[in-house]
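Computed from the coordinates by the stated procedures, all read-outs in this text should not be read as laboratory data. Since the structure is predicted, the reported quantities are computational estimates derived from the model, not experimental observations. Don't worry about glycine lacking a Cβ; one is built from the backbone with ideal geometry, like all the others, and counts go over all protein chains shown.
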């Protein structure tokens, strides 16, 4: 009998990222806040694309990146998200398939475009994202599968998905699917602005079905109204069993209700692009937990994956690197 290999599933907004380096004033020229994600309409997205050019195109989306990194760990997974039957949708499906990640939601064929995100990377490695959701907004519970694979240990929910019209309903259905196979439920708040928009919905999940919370210090501060990282972490532990609070170059704080463990950031020679560092950390952390590691080892795995991804352009790490 073959050994059971744990899996991680995720629900979120599948995108194709278009990344390009830009001067420090580039985001401000478009009224964008450096380091945040902005939802934009098709016209604005076209203007941004016209300035930065084709850049590097890469399948993305926060939780989609995390689940892709799960594939880099040698594990399989499932991603629940809506793409279109177009060139970008085909690229997204191909990239996930090559990593052993299933995308069971049927592609749209009504002319809606696959969502995409223009990522401006300033010289300090910070990224400013402008997202046109496109097909992401069309996911509905009825378009999702009836069950997750029985090997699924964790379902990761993307805070950004609360922004789409049926997001709350989709997330509730995904939680039911997770419970159906005995999987734990994890949430990543996505960014502080998303917390501001969807705080009530996130708090309802955290106080209800959420088992694991992963976020950076700004996101958890926005959720908790705490004034320092340790207070935010303890607030989270009052609601969920396991917490990882990331702090960029200061590493991370992790706990599953026992002592709070400080995870050191892995040193790198140069930060090239911080895109997806949190997504990579989440993959290492959740992948470690799914494989039965304790929070310390899982946190160290997350820090190592984050360090690798910030050393190159783009949010994903190839198998060969």
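List the extent of the Cα atoms of the range 53-112 along each of their three principal axes, largest first, rounded to whole Å.
Its Cα atoms span 34, 30, 18 Å along the three principal axes.
Highest GNM mean-square fluctuation, the chain, Cα pairs closer than 10 Å: which of 74, 61, 142?
Of the options given, 142 has the highest mean-square fluctuation.
For the chain, what does the helix formula give at 222 nm: sum of -39500 (n - 2.57) over DSSP H segments with n ≥ 4, over the residue count, nearest 500 deg cm²/dmol?
Numbers: 10 runs with 113 residues, N = 321.
Counting only the DSSP helices, I get -10500 deg cm²/dmol.
Show me the ranking of peptides 108-114, 62-68 by mean Cβ neighbours inside 10 Å, starting with the highest. Working shown, then result.
Working: 108-114: 15.7, 62-68: 30.6.
Ranked by mean Cβ neighbours within 10 Å, highest first: 62-68, 108-114.
So between residue 28 and residue 293, what do we pick up on full extension, going 0.36 nm a residue minus the alpha carbon distance? Could you put the intermediate results ahead of the total?
Working: separation 265, 0.36 × 265 = 95.40 nm, distance 4.31 nm.
Difference between extended and current length: 91.1 nm.
Along its principal axes, what span do the Cα atoms of the range 113-228 show, with the longest given first and each in whole Å?
In descending order, the Cα extents are 45, 40, 25 Å.
Using Cα-only point scatterers and the Debye equation, what is log10 of I(q)/I(0) for the range 193-283 at each q in 0.18, 0.20 Å⁻¹, rounded to two decimals?
Each listed q corresponds, in turn, to -0.81, -0.97.
How high is the relative contact order of the range 51-197, in percent, with contacts defined as C-alpha pairs under 8 Å that are six or more residues apart? Each step should come with its number before you reach the end.
Working: 214 pairs, mean separation 27.9, N = 147.
Relative CO of the range 51-197 lands at 19 percent.
From zero outward in steps of 10 Å, how is the percent of C-alpha pairs of the range 64-170 spread across the bins?
Going out from 0 Å in 10 Å bins, the range 64-170 shows 13, 42, 36, 8, 1 percent.
To the nearest 0.05, how large is the calculated FRET efficiency for residue 227 and residue 50 if R₀ is 45 Å and r is the Cβ-Cβ distance?
Numbers: r = 42 Å, r/R0 = 0.93.
The calculated FRET efficiency here is 0.60.
Ratio of Rg to Rh for the range 1-157, alpha carbon only, Kirkwood? Each step should come with its number before you reach the end.
Details: Rg = 16.6 Å, Rh = 16.4 Å.
Using Cα coordinates only, the ratio equals 1.01.
Mind giving me the nanometre distance, one decimal, between the label points for residue 204 and residue 181, set 7 Å out from Cα along Cα→Cβ?
Going by the 7 Å Cα→Cβ label model, 2.6 nm.
So for each of 45-53, 14-22 I average, over its residues, the number of other beta carbons within 10 Å; can you give me the resulting order with the highest mean first? Walk me through the numbers before you get to the answer.
Values: 45-53: 15.0, 14-22: 23.1.
Top of the packing list down: 14-22, 45-53.
Within the chain, what percent of beta bridges assigned by DSSP are antiparallel, to the nearest 5?
Working: 18 of 52 bridges.
Within the chain, antiparallel bridges account for around 35 percent of the total.
Given an 8 Å cut-off on Cα distances and at least 6 residues of separation, report the relative contact order of the range 149-276 as a percent. Let's see the in-between values first.
Numbers: 204 pairs, mean separation 21.6, N = 128.
Relative contact order, the range 149-276: 17 percent.
Take the chain, compute every pairwise Cα distance, and split them into 20 Å bins from 0; I just need the percent in each bin.
Histogram of Cα-Cα distances, whole percents per bin: 35, 60, 4, 0.
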